[in-house]
1. 7 Å from Cα along Cα→Cβ at both residue 19 and residue 80: what's the point-to-point distance in nm?
2. Tell me, what HN-Hα J-couplings in whole Hz come from the Karplus equation 6.51 cos²θ - 1.76 cosθ + 1.60 at θ = phi - 60° for each residue of region 103-117, using x for Gly and Pro?
3. Which lysines does residue 137 reach when only Cα atoms under 29 Å apart count, and residues fewer than 8 places away in its own chain are ignored?
4. With all protein chains present, how much of the accessible area of the chain (probe radius 1.4 Å) comes from carbon and sulfur, to the nearest whole percent?
5. Counting only the backbone N, which residues of region 102-126 are under 17 Å from the spot 7 Å out from the Cα of residue 59 toward its beta-carbon?
6. Heavy atoms of the protein only, probe of 1.4 Å, neighbouring chains included. What is the accessible area of residue 14 in Å², nearest 10?
7. Helix 141-150 versus the longest principal axis of the chain: what is the Cα-based angle in degrees, 0 to 90, to the nearest 10?
8. So for region 39-151, what are the equivalent ellipsoid semi-axes in whole Å, largest first, each being the square root of 5 times an eigenvalue of the Cα gyration tensor?
Amino acid sequence: MPNDVLSISARCIDNPACIFTGGDMRVEVLIQNTGNGEVGYPLEYMQLRGPNMRLIDNASEQSQVLKTGLANHALKRAFTRIAPGQSVALQSIIKNSELLMFRKEFVDVTAEIGVSTNIQAGDSEELLPFKGSASLKIIGKDTLEREAQRR
């Protein structure tokens, strides 16, 4: 039931195509209430901690899990109410050094982004486990240019 009330999507901020040009990539994770009742989400805790992220090099299939931040565990019980149809956003950064860890040029990476936490549904005080995920394909500008030359 908890996984039916929220949906997760992700996007690159200021860069809808997620084209890597050498700088850090700012990422936004949107958490939308797709259910019929209010949902309590520990937004402040998750914003400080950040989402779980795993980068996968699409050429070699090597992967690396990125570190999350530290957050006060007491914030896990400080819920932000999300009304039906409304959403909240987490912002995170994928550093350029993390995108370049597999290769120094021709970046072609999939970022698997996950959020895993306890939520409250409706007026209930009961904590329910929630897991959601989304992915982004991040491709280097030089990779796109090389592919365009091959055509």
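1. About 3.1 nm separates the two model spin labels.
2. Taking θ as phi minus 60°, the curve returns 7, 8, 8, 6, 5, 8, 10, 9, 9, 8, 10, x, 10, 9, 6 Hz for region 103-117.
3. Cross-link targets: 67, 95, 104.
4. Working: 3960 of 8480 Å².
Carbon with sulfur: 47 percent of the solvent-accessible area.
5. In region 102-126, the label zone of residue 59 (backbone N under 17 Å from the point 7 Å along Cα→Cβ) covers 102-111.
6. 130 Å²
7. That helix lies at roughly 50 degrees to the long axis.
8. Values: eigenvalues 248, 43, 24 Å².
Rounded to whole Å, the semi-axes are 35, 15, 11.
The values are calculated or read from the model by the stated rules, or taken from the named source; none is laboratory data. In this text the structure is predicted, and so the values were computed from the model without any measurement. Note that we place each Cβ from the backbone using ideal geometry, even for glycine, and neighbour counts take in every protein chain shown. Ligands, DNA and RNA are excluded from the accessible area calculation, which covers all protein heavy atoms including side chains. Shrake-Rupley method; radii C 1.70, N 1.55, O 1.52, S 1.80 Å.
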